[in-house]
1. Within segment 187-207, take every residue that is in a helix (DSSP H, G or I) and open to solvent by 60 Å² or more (accessible area, probe 1.4 Å) and give me the one that is farthest from LEU469 (Cα to Cα).
2. Return a yes/no flag: does segment 226-245 have any residue that is in contact (Cβ under 8 Å) with a residue 12 or more places away in the chain, of a type in the set (Ser, Thr, Tyr) and under 20 Å from PHE464 (Cα atoms).
3. Among the numbered conditions (1) open to solvent by less than 10 Å² (accessible area, probe 1.4 Å); (2) part of a loop (DSSP other than H, G, I, E, B), tell me where THR312 comes up short.
4. Given the conditions (1) over 21 Å from the mean Cα position of the chain (by Cα); (2) among the hydroxyl-bearing types (Ser, Thr, Tyr); (3) buried (at least 18 other Cβ atoms within 10 Å of the Cβ), and given that TYR180 satisfies all but one, which numbered condition is not satisfied?
5. Does GLY426 satisfy being more than 19 Å from VAL202 (Cα to Cα) and assigned to a helix (DSSP H, G or I)?
6. Working carefully through the options LEU506, LEU439, LEU472, find the one that is free of Cβ contacts under 8 Å to residues at least 60 places away in the same chain and open to solvent by 80 Å² or more (accessible area, probe 1.4 Å).
7. Considering only residues that are among the hydroxyl-bearing types (Ser, Thr, Tyr) and either under 19 Å from ASN121 (Cβ atoms) or surrounded by fewer than 23 Cβ atoms within 10 Å (Cβ to Cβ) (or both), which ones fall in segment 320-355?
Amino acid sequence: MATLLRSKLSNVATSVSHKSQAKMSGMFARMGFQAATDEEAVGFAHCDDLDMEHRQGLQMDILKSEGSEEGGEPPLEGDIHYQRDGTGPLPPSASKEACSELSGQGKPKITAWEAGWNVTNAIQGMFVLGLPYAILHGGYLGLFLIIFAAVVCCYTGKILIACLYEENEDGEIVRVRDSYVDIANACCAPRFPTLGGRIVNVAQIIELVMTCILYVVVSGNLMYNSFPNLPVSQKSWSIIATAVLLPCAFLKNLKAVSKFSLLCTLAHFVINILVIAYCLSRARDWAWDKVKFYIDVKKFPISIGIIVFSYTSQIFLPSLEGNMQNPKEFHCMMNWTHIAACILKGLFALVAYLTWADETKEVITDNLPSTIRAVVNIFLVAKALLSYPLPFFAAVEVLERSLFQDGNRAFFPNCYGGDGRLKSWGLTLRCALVVFTLLMAIYVPHFALLMGLTGSLTGAGLCFLLPSLFHLKLLWRKLLWHHVFFDVAIFVIGGICSVSGFIHSLEGLIEAFRTNAED
C-alpha cells in the first residue's frame, strides 16, 4: 500500500513537472529565441524575468529519491546536490535551485550557432550607423577603442557567466544562479539581498527606454533627410513615427512583432553592404590624411559611449547561455562573435569615414546621395519602427512588476484586474511612456548625444563595471593574479570612461535643451 501511494505521488509530481515544462517551452518559444533575433535581443532579458517569476510560483510535490523507494534511508540533506543536466537525487525539501533545474527540463535548446546569431544581432544592430561619427572625433584612437571594447566586452561576458556557477561539496561546478539580477543580489547579500537586483533593473529600464527614444530620434532624422524638400520638420516626422508606435501600449505579447525581427535584421545587413559598396566605389577619393592620431577632447568621450553602446549584450547572456544545448561552447561562441563584430565594425567605420571625412554625419546614411539615401533610409525607418516594441514591452514589464505587481512590496496597486485585463489607468501609463519617448526625441533630437549618454551610463555599467566587480566579489578566492589584475583594470578604466563620457554627453544635452528652448 505504501509503495502504491509513493508511486501515485511520483506520477502526480511528474505530471506537474511536465505541465510546467510545456508552459516554459511556450514562453521561451514566444518570448525568447524569436524575440532575440532583434539587434537588442531584449527578449532574452525579458525572458529571464518571466522565467524567474514562474519558478518562484511553482509548487512542487515532495519527491522521494529512488533509494528511499527501494526501502533504503533517504540521503542526508547536506549530502545532496543537483547537476546542470538534472541528474542526481533531489532533497525532500526541494530547494529553489533544484526546482528551477527540474522545471527547466524540456525547454527548447539552441545550438552555439544560433546563440552566436543572437549575440551578433545584439552587437551588430543599426546603432553601428553612428560609429563613423566616432572615428571623426577619435581618429585611429577610435579604431583602437572599437577593438579594445570588443576584447573587454567578450571577457566581461565570460566572467559574468562564471558568476552563475559555484563548486559544490563534491568538487563539481554547478549552476546556482540564473540571471544578471541573481548575481547582483548574491553580491549584496546578506545585508541587502535585493539591492543589487534593483540596481540592475534600474539600469536595464534606463537602457531600454533610451533605446526606444533612439528609435524615435533616428526615425525622424532619417525621414527628414530623405525628403528635405517637403515642408515637414524633423520634429513633425518624430510625431508621425510616434503616432504609428502608439498601439504598442496595447501589446499583450510579442508573438506578432517577433515574426518581423529576422526579416528586419537581414534587411539591415543588406543596407550595411550597400553602404560599404558605395564607399568602395569611391576608394580613389578616400581621405587617408584625415585619419590622425589626435582626439577632440570635448567630443571624443561621447564617442566612447557610442562605441560601448554598440557592444551591449551582457544583460541577456545568462539566459542565452542557460538555453544552449552545450554550454561549454559558450566561450568559443563569444570569441568568434566578438572577433567578427570587431572586424566588421572597424571596416564599416573606417571606410565610411574615409569616404566623407570631415563631412561625416551622426547617422552615416545621411551622407549618401539623395537617390540612394531615400530608399535606404525608408528601410531603416521601417526597421526602427518594428524594433521599437521589443525594448518598450520589456521596459513596461519590468516597471509593472517592480511597481505594481511585487506583492506586498509593490509601491502602487496592481494595474491588472482580477480577470487579468489591464486597467484603464495602467493603459494610460503605457501611453504616457510612449509620449515620454516622443518628448525626449523632440527636445533632444541628437542621435550621437543620446547614444553616447546611454553607453556611458548604463552600457559601461552593465558591460564593464558590474561584471568585473561581481567577479571579484563572488570568486576572488579562486582567481589567479592576472584575472584580478584584469578585473581591477577594467573596473578603473571603465569607470573613468563612463564618468568622462557621461559628463560630456550631459553637457551636450543641456546645451541642446537650451538651444531648443531659445527656438
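1. Looking at the filtered set, the residue picked out is ILE206.
2. Taking every residue of segment 226-245 in turn, none turns out to be in contact (Cβ under 8 Å) with a residue 12 or more places away in the chain, of a type in the set (Ser, Thr, Tyr) and under 20 Å from PHE464 (Cα atoms).
3. (1)
4. For TYR180, the failing item is (1).
5. The answer is yes for GLY426.
6. Criteria check complete, one pass: LEU439.
7. Within segment 320-355, THR337 is the sole residue that qualifies.
Condition check ((1) without any contact (Cβ under 8 Å) to a residue 60 or more places away in the chain; (2) under 21 Å from ILE147 (Cβ atoms); (3) in contact with a His (Cβ under 8 Å, 6 or more places away or on another chain); (4) of a type in the set (Gly, Ala, Ser)) across all residues:
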position: SER313; (1), (2), (3), (4): no, yes, no, yes
position: CYS332; (1), (2), (3), (4): no, yes, no, no
position: ASN335; (1), (2), (3), (4): no, yes, no, no
position: ASP366; (1), (2), (3), (4): no, no, no, no
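The values are calculated or read from the model by the stated rules, or taken from the named source; none is laboratory data. A quick note: this is a predicted structure, and the numbers were derived from the prediction, not measured. Using ideal geometry, Cβ is built from the backbone for each residue, glycine included, and neighbour counts are taken over all protein chains shown. For the accessible areas, the whole protein counts, side chains as well, though only heavy atoms, and no ligand, DNA or RNA atoms are used. Shrake-Rupley method; radii C 1.70, N 1.55, O 1.52, S 1.80 Å.
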